[in-house]
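The values are calculated or read from the model by the stated rules, or taken from the named source; none is laboratory data. None of these values were measured; they are calculated from a predicted model. Positions of Cβ are generated from backbone atoms using ideal geometry, with glycine treated the same way; all protein chains shown enter the neighbour counts. Accessible surface areas use protein heavy atoms only, side chains included; no ligands, DNA or RNA. Shrake-Rupley method; radii C 1.70, N 1.55, O 1.52, S 1.80 Å.
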Amino acid sequence: MSALIINGKELSANIELELSEQAAEIHSRIGRMPSLRVVLVGNNPASEVYVASKTKRARACGLAVEDLRLPEDVTQPDLEISLKALSIDKHVDGILLQLPLPKHLDELSAILSIAPAKDVDGLNPYNQGLLFRGQARLVPCTPLGIIELIKDARRELYRDDNLSGLSATVIGRSSLVGKPVAMLLTQENCTVTLCHSKTENLKAACVHSDIVVAAVGMPKLIKKDFIKTNAVVIDVGINRSADGKLIGDVDFDEVKEKAAAITPVPGGVGPMTIAMLIKNTLIAAGNQ
Ligand code: NAD
């Protein structure tokens with residue numbers, strides 16, 4: 001039997017419809033549109049594409065989105081002054097610093113200049129600390145989207161999205177994806193195994209898990225024999241194959257024959273990230 005293919009495009013579109021209603025409600029309550037400021041340093045072509053897509057979808061939900069463009073050679077103090085100014089601007093609810101930054105800039109120091117209440121990417125250590133404590137406010141967008149995808153799949157399969165007691169393996173321990181996913185799954189009462197580049201037996205760490213989340217950046221690392229029958233498999237990886245196609249960290253064609261549900265690449269995790277950015281901006285606006 002072939003797995004349920006989890007449709008991130010459809011789910012994110014449905015979520016964005018609900019978010020549009022919330023945005024309208026917040027608009028009437030605070031007397032202006034909820035607002036997001038995107039800070040873009042330099043002209044990284046991939047970042048330009050992401051920012052255009054975030055801006056379009058957030059505006060479609062009723063958010064006011066503006067860019068702050070800074071030159072490639074902006075100094076660290078000037079970048080931080082800009083972020084601090086946005087942090088105290090009453091008309092700005094959410095601040096997104098588009099990463100990666102040019103090499104001469106210190107990412108952590110820049111992120112620390114964003115007020116935690118406006119940190120819609122959830123990367124400020126204050127917000128990461130709250131997540132670690134199980135008291136999250138603003139959580140990184142891709143991990144939030146991953147939890148939504150897992151719950152959506154389990155609702156579709158079992159009419160129940162309670163993850164309590166399930167075993168989950170997360171592969172990858174970045175602050176952006178792997179670690180926050182592991183924290184969120186722990187918060188959902190899963191028993192979580194967190195794997196990384198030094199894990200000695202990846203297959204053994206995955207094979208008994210009800211949920212597998214792969215966030216590595218290695219094409220087709222996860223094979224059918226790593227996966228328990230009827231597991232839910234979330235593929236975060238974005239890799240380019242030799243013929244230029246986007247492929248994930250999971251061997252999709254093999255694994256879909258064994259898993260209960262699986263996300264495709266593209267069309268799985270990717271679209272959810274922007275929906276969660278809009279959600280976080282509305283949380284920030286609602287808390288102003
Ligand atoms: P990263 O490079 O910061 O982290 C990769 C992690 O993989 C590390 O923790 C490392 O220990 C682990 N790893 C490396 N080799 C391994 C191996 N052989 N076995 C097990 N673990 C191994 O990357 P990231 O920012 O966490 O992103 C991971 C992937 O997800 C990338 O392909 C990235 O493009 C993709 N991504 C997608 C989205 C999206 O919206 N779809 C968002 C963020 C990241």
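With protein chains left intact and a 1.4 Å probe, residues in the chain average 48 Å² of accessible area per residue. Each label was represented as a point 7 Å from its Cα along the Cα-to-Cβ direction; for Asp73 and Leu99 these points are 2.7 nm apart. With equal scatterers on the alpha carbons only and no solvent term, can you work out the Debye log10 of I(q)/I(0) for the stretch 69-165 at 0.15 1/Å? Log10 I(q)/I(0), no solvent term: -0.69. Expressed as a whole percent, the accessible area of the chain that falls on carbon and sulfur atoms is 54 (1.4 Å probe). A helix-only calculation puts the chain at -13000 deg cm²/dmol for mean residue ellipticity at 222 nm, using -39500 (n - 2.57) for each DSSP H run of at least four residues, averaged over all residues. Label zone of Glu25 (point 7 Å out along Cα→Cβ, amide N under 12 Å): in the stretch 260-288 this covers 283, 286. Rounded if a/c is under 1.5, else prolate if a/b is larger than b/c, else oblate: which is the stretch 137-282, with a ≥ b ≥ c the root eigenvalues of its Cα gyration tensor? In terms of gyration-tensor shape, rounded. Sorting the segments 129-137, 263-271 by their residues' average number of neighbouring beta-carbon atoms within 10 angstrom, most packed first, yields 263-271, 129-137. In summary, the chain shows an alpha-carbon radius of gyration equal to 1.01 times the 2.2 N^0.38 Å reference for compact globular proteins.
Extension gain for Arg159 to Arg32 (0.36 nm times residue separation, less C-alpha to C-alpha distance): 41.9 nm. Label separation (His196 vs Phe132): 1.3 nm, computed from points 7 Å beyond Cα along the C-beta direction. One-quarter of the Cα convex hull surface for the stretch 237-288, in nm²? Projected over every direction and averaged, the Cα hull of the stretch 237-288 covers 4.9 nm². Model label sites at Asp89 and Leu246, defined 7 Å from Cα along the beta-carbon direction, differ in position by 2.9 nm. Each peptide in 206-215, 219-228, 27-36 gets a packing score, the mean of other Cβ atoms within 10 Å over its residues, and the list from highest to lowest is 206-215, 219-228, 27-36. Note on the stretch 21-62: semi-axes of the ellipsoid equivalent to its C-alpha gyration tensor, largest first and rounded to whole Å, are 26, 11, 5. Output the pairs from Lys54/Lys90; Lys9/Lys223; Lys56/Lys279; Lys203/Lys258; Lys151/Lys245; Lys90/Lys118 with a Cα-Cα distance over 19 Å in this structure; if there are none, say none. Those over the limit are Lys54/Lys90; Lys9/Lys223; Lys151/Lys245.
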